[in-house]
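Have a look at the structure below before the remarks.
Computed from the coordinates by the stated procedures, all read-outs in this text should not be read as laboratory data. This is a predicted model, so every value here is computed, not measured. Positions of Cβ are backbone-derived with ideal geometry, glycine not excepted, and every protein chain shown enters the neighbour counts.
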There are 2 protein chains.
Amino acid sequence: MNSRNLSGDTATRILKTASRLFYEQGYHVTGINQVITEAGVAKASFYYHFSSKEELCLAYLHQRHQDWFCWLQQEVEQHEDDQERLLSLFTFLERWLPDSNFRGCAFLNIASEFPSPDSKIRLLVVNHKNALQSFIQQLVKKLNPLTDENHIGLLSDVIYLLFEGAINESQIYRSTRFIQVTREAVRQLIT
Amino acid sequence: MNSRNLSGDTATRILKTASRLFYEQGYHVTGINQVITEAGVAKASFYYHFSSKEELCLAYLHQRHQDWFCWLQQEVEQHEDDQERLLSLFTFLERWLPDSNFRGCAFLNIASEFPSPDSKIRLLVVNHKNALQSFIQQLVKKLNPLTDENHIGLLSDVIYLLFEGAINESQIYRSTRFIQVTREAVRQLIT
DNA sequence: GTCTATATGTCGATAGAC
DNA sequence: GTCTATCGACATATAGAC
């Protein structure tokens with residue numbers, strides 16, 4: 001449309017390339033040189049749009065958070081029954097993890113590379129996981145609207161822990177076996 | 001005693017220093033230069049004892065596997081009652097994770113930094129997690145010796161997933177809250 | 001806004017003296 | 001077995017032309 005789009009295209013191309021490389025390879029092992037080479041831009045163009053490599057990583061996580069929740073919600077909202085909606089959490093994992101070559105959770109992977117609890121990056125990780133817990137708790141609440149808060153809380157926490165565990169084990173074993181185990185366990189918990 | 005001990009001391013000092021740094025900081029962010037500086041040895045001395053940085057990492061994981069299971073078994077074997085032995089898994093987590101500054105599982109952290117499924121490092125990770133699953137399954141079997149194999153298997157898998165999930169969340173939130181949740185959930189599962 | 005060229009430092013790994 | 005000195009490659013980041 002206008003000149004703003006040209007800048008937008010460059011920044012977007014950089015971000016998309018970096019997102020792919022950070023996710024597939026990891027943060028520290030991915031150099032700026034590889035990002036700019038594969039994005040097809042000059043080094044100074046990168047530093048025109050992003051102030052540093054870490055700032056690029058923050059942009060990656062910000063975008064990833066939105067994308068990932070969009071994928072998850074699309075899967076859940078295909079179902080009407082509240083029980084099916086909760087179980088579709090694991091249908092989602094069965095689609096997403098093989099598609100991502102079993103690379104696991106982008107936020108947990110990044111957190112492993114940023115041990116300092118005070119970094120901005122760790123803040124985005126915590127925010128992402130908080131949102132996931134809220135999302136699961138909403139699904140559980142709708143399923144059992146009359147149950148007391150304590151039981152809802154514990155049940156939601158357990159489902160969240162199983163969900164996280166299933167992501168992890170699928171990354172280690174490159175298999176969906178534990179996702180199926182988790183779905184079956186949750187099915188027994190909610191019936 | 002003799003000249004062999006001097007060599008052993010140097011290699012041990014390098015391995016101990018590297019183990020601390022790999023665990024606290026991560027693999028790729030830890031340079032050989034930092035390892036040799038903090039170990040107080042020359043660079044060529046390092047390459048005399050270890051053929052490469054990755055070989056040093058393999059030695060780290062090998063030692064870590066033995067140490068960690070030693071800690072875990074010490075905690076479990078303090079109890080006689082089979083139910084208490086199973087629940088002491090989480091007492092162990094409550095001790096270990098705060099002591100390790102909530103850095104989480106050394107093997108999962110390293111796995112995040114080595115995405116390639118064919119690396120020797122990923123093999124050690126899988127072996128470590130296999131051993132943990134076997135350990136948990138033994139505890140579950142002793143607790144319910146008459147139950148059918150399928151139920152034992154599913155229950156063990158769920159406890160393993162919760163155990164892994166608890167380690168992960170304590171790393172993200174720097175808290176033992178989810179460990180307590182997990183212990184309570186497992187207590188309800190086995191009674 | 002994008003480019004080439006460069007600055008400055010650190011990486012993993014090795015050569016050769018002792 | 002341990003040391004100092006050094007290798008070539010690559011890291012993040014910047015200067016200045018266009």
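If you plug the beta carbon distance of B:Ser116 and A:Glu38 into 1/(1 + (r/R0)^6) with R0 = 22 Å, you get a FRET efficiency near 0.75. Averaging the Cα positions of each part gives two centres, and for region A:60-80 and region B:140-169 these lie 31 Å apart. From the Kirkwood radius over Cα pairs of chain B, Stokes-Einstein at 4 °C and 1.567 mPa s returns a whole-number translational diffusion coefficient of 71 µm²/s. Note on A:169-177: average number of Cβ atoms from other chains within 10 Å of each residue's Cβ is 4. Spin-label model, A:Asn144/A:Glu184: points 7 Å from Cα along the beta carbon direction are separated by 2.2 nm. Within the shell defined by Cβ-Cβ distances under 12 Å, the residues around B:Val140 carry a net charge of 0, with Lys and Arg each +1 and Asp and Glu each -1.
Calculate the translational D of region B:1-80 in whole µm² s⁻¹ from Stokes-Einstein, where the hydrodynamic radius comes from the Kirkwood formula applied to all Cα pairs, the temperature is 10 °C and the viscosity 1.306 mPa s.
Details: Rh = 13.7 Å.
So the translational diffusion coefficient is about 116 µm²/s.
For the Cα trace of the protein assembly as shown, dividing Rg by the Kirkwood Rh returns an Rg/Rh value of 1.00. With the simple model of a label 7 Å out from the Cα in the direction of the Cβ, A:Asn130 to B:Tyr48 spans 5.4 nm. Residue exposure proxy: B:Lys141, A:Lys120, ordered by other Cβ atoms within 10 angstrom of their Cβ from fewest to most, comes out as A:Lys120, B:Lys141.
Within the listed set A:Leu132, A:Leu154, A:Leu86, the Gaussian network model of chain A (springs between alpha-carbon atoms below 10 Å) gives the highest mean-square fluctuation for A:Leu154. Here the label points at A:Asp82 and A:Asp9, each 7 Å from Cα along the C-beta direction, are separated by 5.0 nm in the simple model. Residues of chain B were split at every exposed loop site, defined as GluC sites (Glu not before Pro) in a DSSP loop with at most 14 other C-beta atoms within 10 angstrom, and the longest piece left, sites excluded, is B:81-191. A cut-off under 10 angstrom between Cβ atoms defines the neighbours of B:Gly26, and their net charge, with Lys, Arg +1 and Asp, Glu -1, is -2. List the lysines whose alpha-carbon lies under 23 Å from that of B:Lys120, not counting same-chain residues fewer than 8 positions away? Counting by Cα, and skipping residues close in sequence, B:Lys120 has these lysines nearby: B:Lys16, B:Lys53, B:Lys129. The other copies place their A:Asn33 label points at 1.6 nm from this one, listed shortest first, where each point is 7 Å from Cα along Cα→Cβ.
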